[in-house]
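Each remark here refers to the structure printed beneath this line.
The values are calculated or read from the model by the stated rules, or taken from the named source; none is laboratory data. Please read these numbers as outputs of a predicted model, since none were measured by experiment. Here Cβ is always computed from backbone atoms with ideal geometry, including for glycine, and neighbour counts include all displayed protein chains. Ligands, DNA and RNA are excluded from the accessible area calculation, which covers all protein heavy atoms including side chains. Shrake-Rupley method; radii C 1.70, N 1.55, O 1.52, S 1.80 Å.
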Amino acid sequence: MARPSAHLKIKAPAKINLFLNILRKRPDGYHDLYSVLQMVGLYDELIFEEVPQGMTLVSSSGDLPMDDRNLVIRATRSLARATGIKSGVRVILKKNIPIGAGLGGGSSDAAATLMALNRLWRLGFSRDDLAKIGQDLGSDVPFFLHGPTAFVSGRGEKVVPCVLNIDRWLVIINPGFEVSTRWVYEQFSSVRARAGSKNSWLTNLQENIKIHSSSKFKLYYSDITLHNDLESVTEPKYPVVKEMKECLLGEGAEGVLMSGSGPTVFGIFKGKIGAFNAVRKLKPAHPGWKIWAVKSLRRSPI
Ligand code: C5P
């Protein structure tokens, strides 16, 4: 009798940037940055099934490229190339995280693919190994292999895992259109090229990370200075970013910020009731916006 084919299911979460400081443009065109990244409870779902050879991908999203630009396909090829493995895989991708949103959905799918195939193909790579293989696929791939919370630097490849000490509810709003990450970084560089502006919170954080490097460094939401350098590009171009943040503040958010290159924004709420009330009020008033109440994750599902 034929052996039933092995398969596994994995959830790939979205991320938000609680802090994002762009330092400088690098000779390779990317930017060095400092960021605090946090996984949140909004997920793509992936199912992997081992097949004798080749790769097929079925996706629920009509907007996703299904060629070499697709990060699930690129992650599979990178791993197959790195190992010379001949086994194949069939992947079903249910896309819930909006594309071109600043929520890291593509990098998360790539990290989930690397972890799933590592198990399915019994490759025995560590998370660090997979992060090295995956870091060129997307700048946030190393973070997604070391979440749920981390201080990230370099282009995104230097990841120091942290512990976020208090639970918070978040309301996430996406206005329903994509923004090109590349375009936002280019604008930031040409308009605001400058040496990294450091604030005292960041200096403090780096000192603490040095001291606590052997154990996971503890972060508190109340300690974090919410800041995103890229807001200065995306917000003037798309005024809806400011409007969404104002709506969240109007509904009682403790703090609001754009995530990554945007246009998605989030608001931090102390409790579940406040977050769900905000969603209940904002959804009917803004039918074009996608709005979720989610928790910041304490464990990575990847
Ligand atoms: O790595 P990822 O595909 O997410 O990056 C998309 C684009 O964002 C890059 O092509 C680059 O233009 C810009 N980027 C950057 N510096 C980073 C991350 C991204 O310039 N650290």
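Details
- Among (1) on the phi < 0 side of the Ramachandran plot; (2) touching a residue at least 40 places away in the same chain (Cβ under 8 Å); (3) open to solvent by less than 30 Å² (accessible area, probe 1.4 Å), the one test that Arg90 misses: (3)
- Unmet requirement for Thr113, which otherwise passes all of (1) open to solvent by 30 Å² or more (accessible area, probe 1.4 Å); (2) within 16 Å of the ligand (Cβ to nearest atom); (3) in contact with a helix residue (DSSP H, G or I) (Cβ under 7 Å, 6 or more places away or on another chain): (1)
- Scanning the range 22-47 for residues that are under 15 Å from the mean Cα position of the chain (by Cα), within 14 Å of the ligand (Cβ to nearest atom) and either over 16 Å from Ser107 (Cβ atoms) or not assigned by TED's automatic domain parsing to the domain that holds Leu117 (or both) yields a count of 1.
- If you check Ser59, Ser107 for being open to solvent by 10 Å² or more (accessible area, probe 1.4 Å), under 27 Å from Leu18 (Cα atoms) and small (Gly, Ala, Ser), only one passes: Ser107.
- Matching residues, the range 8-27, being surrounded by fewer than 22 Cβ atoms within 10 Å (Cβ to Cβ) and touching a residue at least 60 places away in the same chain (Cβ under 8 Å): Leu8, Ile10, Lys11, Asn21, Leu23, Arg24, Lys25, Arg26
- Condition check for Thr181 on (1) away from the ligand (no atom under 16 Å from the Cβ); (2) within 22 Å of Ser139 (Cα to Cα); (3) at pLDDT 95 or above: one failure, at (1).
- Qualifying positions in the range 144-156 - under 22 Å from Ala101 (Cβ atoms) and within 11 Å of the ligand (Cβ to nearest atom): Val152, Arg155, Gly156
- Residue within the range 52-75 that is of a type in the set (Asp, Glu), more than 22 Å from Ile172 (Cα to Cα) and more than 16 Å from the ligand (Cβ to nearest atom) present: no
- Test: residue in the range 189-210 that is surrounded by 13 or more Cβ atoms within 10 Å (Cβ to Cβ), modelled with pLDDT of 75 or more and either among the aromatic types (Phe, Trp, Tyr) or under 18 Å from Leu103 (Cβ atoms) (or both): no
- Residues of the range 86-122 satisfying the condition of being hydroxyl-bearing (Ser, Thr, Tyr) and at pLDDT 95 or above: Ser107, Ser108, Thr113
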